[in-house]
Amino acid sequence: MDLLEYQGKQFFATFGIPVSDGRAVTTVEDAVAAANAVGYPVVVKAQVHAGGRGKAGGVKLATNEAEVREHAGNILGLDIKGHITRILWIENASDIAEEYYASFTLDRSAKKHLGMLSKEGGVEIEQVAVDNPDAIAKIWIDPVDGLSADVCRAWVKAANLNADVTEDAVELLCKLYTAYVEGDADLAEINPLIVKTNGRVHALDAKVTLDDNAEFRHEWDEYATTQVRDAREEAAHAKGLQYVGLEGSVGIIANGAGLAMSTLDVVNQAGGEAANFLDIGGGANAEVMAGALQVINDDPSVKSIFINIFGGITRGEEVAKGIIGALEMVDITAPIVIRLDGTNAEEGRALLAPHLSERLQSKPTMLEAAATAVALAKKN
Ligand code: GDP
Ligand code: MN
């Protein structure tokens, strides 16, 4: 789950990373009260799940109550890249000497954590990577070794930060690494990481993505309240399905994450776009299949449905019975194409045969099934 800036800063603060004193508010009056509490000047900041808020007019400095009123009034309701601002973060303003960039994320191909540090912060790091890639010092950290202060110091030196702040930066970055690992984050980014005019290093922004699979060992309920989730994903997860909403028009049901991924590929290969990723897992019984069909059927962008099942431990006839049973439970609007293969596929297809029609077709191969589903989606 993605945290809003203020939540990211709360997360950082629990690991001892210096952040500014601030308050999250939802009204102009509360913004004024918050500003009086934290002390002027303050920064009024839009809390939305999008970057580039500064450029969009969502970050404003206010030196008195009238300015807080003005900015808070303007920013509440502001649309930032399609996200309407409902929450403001009012924080005590910092005097900035320098703006750096720092982050930790997972480099899956290297099977290591990747730290990125740059003295060119405050701007989009993607842009720095294009214009001046040498300005980003990268470090790959073996999770078993962790990040020692010595290695961190060498990294800070490689990034050419102001030498006066080396020790302060090392301390903050080691804490950021701890927050990232122990806090179970997939991403912990500070942009800008500032040097204040008093020489102290400080997190002025926070972008944190937490690993949802680790939720059971944390107290994340408060973060969860502000999540904006895809309604389809909400419904699917409530049914215990592994579902990811996508942009296309071919609804997909497959058993096994690998097969579901391949199904997306083959739909692409056939010239279509999947409406979702959906893995119903190993046992394709009628209830699970019905739940999956329900979720897909409720998605108005779905124009055809492709059920791609490979019988393994769950045999073909069980799968066929599951599909037939599910069709009795759910009133499906889009045409369905089934590809059933694997253990006892013949028996399964024989069970399906009497139910087949224009609206429910069976194809022997993945590619044929995908081509049919894509053609139907384009026709509907
Ligand atoms: P973003 O645009 O969504 O990344 O929002 P940031 O929180 O990074 O703020 C954008 C920019 O606003 C920063 O790079 C700073 O230049 C400026 N800014 C934010 N907070 C302060 C502050 O407390 N004092 C000053 N002087 N500038 C700030
Ligand atoms: Mn930022």
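The values are calculated or read from the model by the stated rules, or taken from the named source; none is laboratory data. Every value quoted in this text rests on a predicted model; they were computed, and no experiment measured them. Ideal geometry is used to build each Cβ from the backbone, glycine not excepted, and the neighbour counts take in all protein chains shown. Just the protein is used for accessible areas: all its heavy atoms, side chains included, with ligands, DNA and RNA removed. Shrake-Rupley method; radii C 1.70, N 1.55, O 1.52, S 1.80 Å.
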Counting only C-alpha contacts under 8 Å and six or more residues apart, can you give the relative contact order of the stretch 186-249 as a whole percent?
22 percent
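Starting from the Cα gyration tensor of the chain, multiply each eigenvalue by 5, take the square root, and state the resulting semi-axes largest first in whole Å. Could you put the intermediate results ahead of the total?
Details: eigenvalues 486, 122, 60 Å².
Semi-axis lengths for the chain are 49, 25, 17 Å.
Taking all protein chains together and a probe of 1.4 Å, list 12, 216, 277, 310 from the most accessible to the least accessible.
Numbers: 12 0, 216 165, 277 30, 310 105 Å².
Result of the area sort, largest leading: 216, 310, 277, 12.
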0 to 90° range, to nearest 10: angle between helix 286-297 axis and the chain longest Cα axis
60 degrees
Output the relative contact order of the chain, whole-number percent, from Cα pairs under 8 angstrom with separation of 6+ residues.
13 percent
Sorted by chain and number, the residues with a modelled amide H under 5 Å from that of residue 342, at a separation of 5 or more or across chains, are 311
What is the magnitude of the charge dipole of the stretch 21-92 about its Cα centre, with +1 placed on the Cβ of each Lys and Arg, -1 on the Cβ of each Asp and Glu, and no other charges, expressed in debye to the nearest 20?
340 debye
In whole Hz, with x marking every Gly and Pro, tabulate ³J(HN,Hα) for the stretch 21-34 from phi via Karplus 6.51 cos²θ - 1.76 cosθ + 1.60, θ = phi - 60°.
6, x, 9, 9, 9, 10, 9, 5, 4, 5, 5, 5, 4, 5
Quick check: Cα centre of the stretch 197-262 to Cα centre of the stretch 64-135, how many Å?
21 Å
Which cross-chain or sequence-distant (5 or more) residues have an amide H under 5 Å from the amide H of residue 281, H modelled 1.01 Å from N in plane?
256
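Which entries of 303/378; 9/138; 175/207; 111/157 have Cα-Cα distances beyond 18 Å here?
9/138; 111/157
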Using the alpha-carbon atoms, what tilt in degrees (0 to 90, nearest 10) does helix 366-379 show relative to the longest principal axis of the chain?
80 degrees
For residue 121, residues with placed amide H under 5 Å, excluding near neighbours:
99, 100, 101
Consider just the alpha-carbon atoms of the stretch 211-324 and return their Rg together with their Dmax, both in angstrom.
15.0, 46
Kindly provide the GluC sites (Glu not before Pro) of the stretch 116-179 that DSSP labels as loop, not H, G, I, E or B, and whose Cβ sees at most 15 other Cβ atoms within 10 Å.
124
